[in-house]
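Presented below is the structure to which this report refers.
The values are calculated or read from the model by the stated rules, or taken from the named source; none is laboratory data. Treat the numbers as computed from the prediction; the structure is a model and nothing was measured. Cβ placement follows ideal geometry from the backbone for every residue including glycine, while neighbour counts extend to all protein chains displayed. These accessible areas exclude ligands, DNA and RNA; they are computed on the full protein's heavy atoms, side chains included. Shrake-Rupley method; radii C 1.70, N 1.55, O 1.52, S 1.80 Å.
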Amino acid sequence: MAREREHRERDREREERDSEFTDKLVHINRVAKVVKGGRRFGFAALVVVGDQKGRVGFGHGKAREVPEAIRKATDAAKRGLMRVPLREGRTLHHDVEGRHGAGKVFLRAASAGTGIIAGGPMRAVFETLGMQDVVAKSIGSSNPYNMVRATFDALKRQDSPRAVAARRNLKVSSLQARRRDTDAEPAAATE
């Protein structure tokens, strides 16, 4: 009796924790295994999960039924969440490149109001991440698995000013002052 109550409470806690995440199905692949009586179908799902506040993960799941494959992929994505530093909670701090296999992606920081300019699998990653302004370009493989992995590779290379300042033993304000100075120089040169 007490054990059942514990299980119910644990399930309720898990549902509350899971409700903070949004998940997007990126790709479903149907595969067939030829056996004596005909074909046996299976499904592979690629899912991206995020909290729309800077945490995102992706997962891959395989099963005989589509819902089970999606559930497995979602669980795998929640286990592999990573935090991405965002500038003003809406865009990247700097332009970055990522690759995986033959897939290559370029991600560029964008000004407010630009929106998400990205193709299929990359768009799903940015939406679940909570990014509002970004320009992305995929070069090479259009395979959704490679595109998602290349996008995650690029996001892993993203550094916040706080991390850079800590690495260089500087204050964040001095770093950002340098940034403002370098942004002002090209504008003064064109006048």
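Starting from the range 42-124, pick out the trypsin sites (Lys or Arg not before Pro) whose DSSP state is loop and whose Cβ has at most 10 other Cβ atoms within 10 Å.
64
From the square roots a ≥ b ≥ c of the eigenvalues of the alpha-carbon gyration tensor of the range 66-116, which class results: rounded (a/c under 1.5), prolate (a/b over b/c), or oblate?
prolate
For the range 37-191, what % of the accessible area comes from carbon and sulfur atoms, probe 1.4 Å?
Numbers: 4170 of 8430 Å².
Here it works out to 49 percent.
With the cut-off at 1.5 for a/c, could you classify the range 129-177 from its C-alpha gyration tensor as rounded, prolate or oblate? Please report the intermediate quantities before stating the final value.
Values: a/c = 3.48, a/b = 2.52, b/c = 1.38.
Prolate, because a/c is 1.5 or more and a/b exceeds b/c.
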